[in-house]
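The values are calculated or read from the model by the stated rules, or taken from the named source; none is laboratory data. None of these values were measured; they are calculated from a predicted model. Positions of Cβ are backbone-derived with ideal geometry, glycine not excepted, and every protein chain shown enters the neighbour counts.
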Amino acid sequence: MDSRFLGIPEIVDVPSVAVVVDVMRACTVAAWAFAQGAEKIVLAESLEDALALKGRHPDWVALKDGPPAPGFDAVNSPGLLRSVDLTGRTVVQKTTAGTVGALAVKEASLVLCAGFVVAEATARLLRTRECASVTFVVTGEDGRADEDLACAQYIAGRAVEAGTDADEFLRRAAASRAAAELTEGVREGAHPEDVALCLELDRFPFAMVAAPEDSLMVLRPCAVPAIPV
């Protein structure tokens with residue numbers, strides 16, 4: 001499998017297969033939303049679009065980066081979201097990097113969103129689809145966020161070699177700027193356990209696939225069968 005790792009500004013063509021990685025915290029939050037029962041996640045282009053969608057669908061759950069804000073029901077924190085019952089609900093998500101990255105590659109034939117919590121399922125899906133070329137979108141810090149790059153490199157490794165060990169990749173993520181900012185309380189709308197939750201390897205057994213639905217980019221969980229050893 002040929003892998004390339006690009007920041008959002010570096011995406012100039014439409015990849016065949018894209019894996020959008022935002023470890024801290026959009027993709028981790030998305031996985032937790034599905035674990036809490038959400039049916040789907042609509043990826044909003046802007047805060048205004050998110051609020052407009054919420055206005056048209058009052059039962060949807062609107063979620064954003066940063067502190068709580070009028071019109072939004074939740075913030076982009078796995079530690080805060082894990083206690084919310086989302087059974088059967090639609091979530092509208094707008095974040096600084098993760099949703100932007102997914103929308104940047106929305107025309108790809110396959111778009112996956114990933115973090116460490118769904119790493120193995122994502123790698124397994126790439127293997128079962130026999131993807132020859134994959135673009136990993138490293139969403140944080142214009143492609144320089146080491147937690148996202150480490151996760152992307154780990155998934156790429158697992159997709160071609162099941163024996164790839166996670167320890168060094170997790171250490172890099174734990175030492176990243178984003179982890180430090182979350183730990184030190186620099187980022188608003190955070191929970192003390194957010195970093196630990198973002199670094200839980202393979203917490204969930206599903207991959208997450210984004211695809212256009214009725215002019216919206218919609219993320220859904222995707223069960224991935226285990227590959228016999």
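Couple of notes before you dig in:
- Output for the range 104-137, where each listed residue is free of Cβ contacts under 8 Å to residues at least 40 places away in the same chain and closer than 17 Å to Thr164 by Cα: Ala123
- Of the residues in the range 197-218, at least one is more than 24 Å from Val17 (Cα to Cα) and out of contact with any Ser or Thr (no Cβ under 7 Å at 6 or more places or on another chain).
Residues checked against (1) farther than 17 Å from Ser3 by Cβ; (2) touching a strand residue (DSSP E or B) at 6+ places or on another chain (Cβ under 6 Å); (3) buried (at least 24 other Cβ atoms within 10 Å of the Cβ); (4) modelled with pLDDT under 95:
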| position | (1), (2), (3), (4) |
| --- | --- |
| Arg89 | yes, yes, no, no |
| Gln93 | yes, yes, yes, no |
| Thr99 | yes, yes, yes, no |
| Lys106 | yes, yes, no, no |
| Ser109 | no, no, no, no |
| Arg124 | no, no, no, no |
| Thr139 | no, no, yes, no |
| Arg144 | yes, no, no, no |
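- Positions within the range 82-120 being out of contact with any Lys or Arg (no Cβ under 6 Å at 6 or more places or on another chain) and more than 27 Å from Pro192 (Cβ to Cβ), in sequence order: Gly88, Ala102, Leu103, Ala104, Val105, Lys106, Glu107, Ala108, Ser109, Leu110, Val111, Leu112
Yes or no, residue by residue, for (1) modelled with pLDDT of 95 or more; (2) of a type outside the set (Ser, Thr, Tyr); (3) surrounded by fewer than 18 Cβ atoms within 10 Å (Cβ to Cβ):
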site	(1), (2), (3)
Gly163	no, yes, yes
Ala166	yes, yes, no
Ser176	yes, no, no
Ala196	yes, yes, yes
Leu201	yes, yes, yes
Ala207	yes, yes, no
Val218	yes, yes, yes
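- Where Val12 falls short, out of the listed (1) of a type in the set (A, V, I, L, M); (2) out of contact with any Ser or Thr (no Cβ under 9 Å at 6 or more places or on another chain); (3) crowded, with 16+ Cβ neighbours inside 10 Å: (3)
- Scanning the range 75-103 for residues that are of a type outside the set (D, E, K, R), over 15 Å from Cys27 (Cα atoms) and in contact (Cβ under 8 Å) with a residue 12 or more places away in the chain gives Val84, Leu86, Thr87, Gly88, Thr90.
- Screening the candidates Glu10, Glu48, Glu39 for the property of being free of Cβ contacts under 8 Å to residues at least 12 places away in the same chain and at negative phi yields one hit, Glu48.
- Screening Arg158 against (1) basic (Lys, Arg); (2) more than 20 Å from Val75 (Cα to Cα); (3) surrounded by fewer than 19 Cβ atoms within 10 Å (Cβ to Cβ); (4) at pLDDT 95 or above leaves a single unmet condition, (3).
- Scope the range 178-194; condition of a type in the set (Asp, Glu) and crowded, with 18+ Cβ neighbours inside 10 Å; matching residues: Asp194
- The helices (runs of 4 or more DSSP H) found entirely in the range 1-102 that carry 3 or more residues being over 16 Å from the mean Cα position of the chain (by Cα) are 47-56.
- Selection count where residues are surrounded by 14 or more Cβ atoms within 10 Å (Cβ to Cβ) and either touching a residue at least 60 places away in the same chain (Cβ under 8 Å) or in contact with a Lys or Arg (Cβ under 6 Å, 6 or more places away or on another chain) (or both), scope the range 54-70: 6
- Here the condition is being of a type outside the set (Lys, Arg), buried (at least 24 other Cβ atoms within 10 Å of the Cβ) and in contact with a Pro (Cβ under 9 Å, 6 or more places away or on another chain); of Val29, Val19, it holds for Val29 alone.
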